[in-house]
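For reference, the structure is listed below as structure tokens.
None of the figures in this text is laboratory data; all of them are computed from the coordinates on show. Keep in mind that this is a model prediction, so the values were computed, not measured.
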Amino acid sequence: MTNRTPAQPATDLPLTTTPRGTTERRLLGALTLAAGAALLLSACGSIGEAVAENRAGHTKTYEFATGEAGKADGVLPDWVPDSATDVREVVRTTGDERILSMTADLGALPASCTAVSSEHPLEPRPERGDLTADDYRTAATLEAAWWEAGTEQGATAMCGKWWVGAQDGRLYGFAPELKVVTIEEQPDRA
């Protein structure tokens with residue numbers, strides 16, 4: 001069977017081939033170019049974000065007006081009180097470590113958070129695989145202007161894997177990093 005329309009002579013082209021020079025062929029070419037351009041432009045945003053993240057030492061910074069807003073965006077952990085305000089977080093995108101600060105009170109933490117004690121020590125609590133507490137660092141390596149070195153050591157509660165404490169009317173949270181993760185230099189935090 002050949003590709004033929006009443007206005008065209010029979011050719012040896014299969015039926016699935018659009019003959020050259022036809023309106024259909026030009027339209028198909030234009031659609032192909034448009035689809036390629038759309039794909040390229042959408043990839044540029046992702047590439048730009050990846051470059052910016054790399055420059056930031058593979059970290060990402062978030063700020064939310066409330067805990068409820070950060071949880072609605074799927075960024076903050078469930079234990080963060082909805083009523084928390086001025087919420088700030090730095091996340092290592094190549095590992096597990098996170099630091100978090102918010103205006104809130106320890107009394108607003110859910111019942112699932114437990115006070116640090118001899119029965120519930122301040123230690124890494126792996127949430128996946130065959131990892132143990134010994135696989136994690138116990139000191140923060142992420143940096144932020146609002147996070148003083150050693151803040152994580154003052155934690156008085158454990159909320160899952162998070163070490164949580166209060167200081168000067170703010171709650172602080174720390175999720176430990178695996179020892180195998182490379183710690184890259186971060187830019188100065190404002």
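How would segment 58-175 be classified by its alpha-carbon gyration tensor: rounded, prolate or oblate, with rounded meaning a/c under 1.5 and the a/b versus b/c comparison settling the rest? Cα axes put segment 58-175 in the rounded bin.
Candidate cross-link partners of LYS71 among the lysines, defined by an alpha-carbon separation under 27 Å and a same-chain spacing of 8 or more, comprise LYS60, LYS161. Straight-line reach from LYS179: which aspartates and glutamates have a Cα under 12 Å away, not including same-chain ones fewer than 8 places off? The reachable aspartates and glutamates, counting only those whose Cα sits under 12 Å from LYS179, are ASP96, GLU97, ASP134, ASP135.
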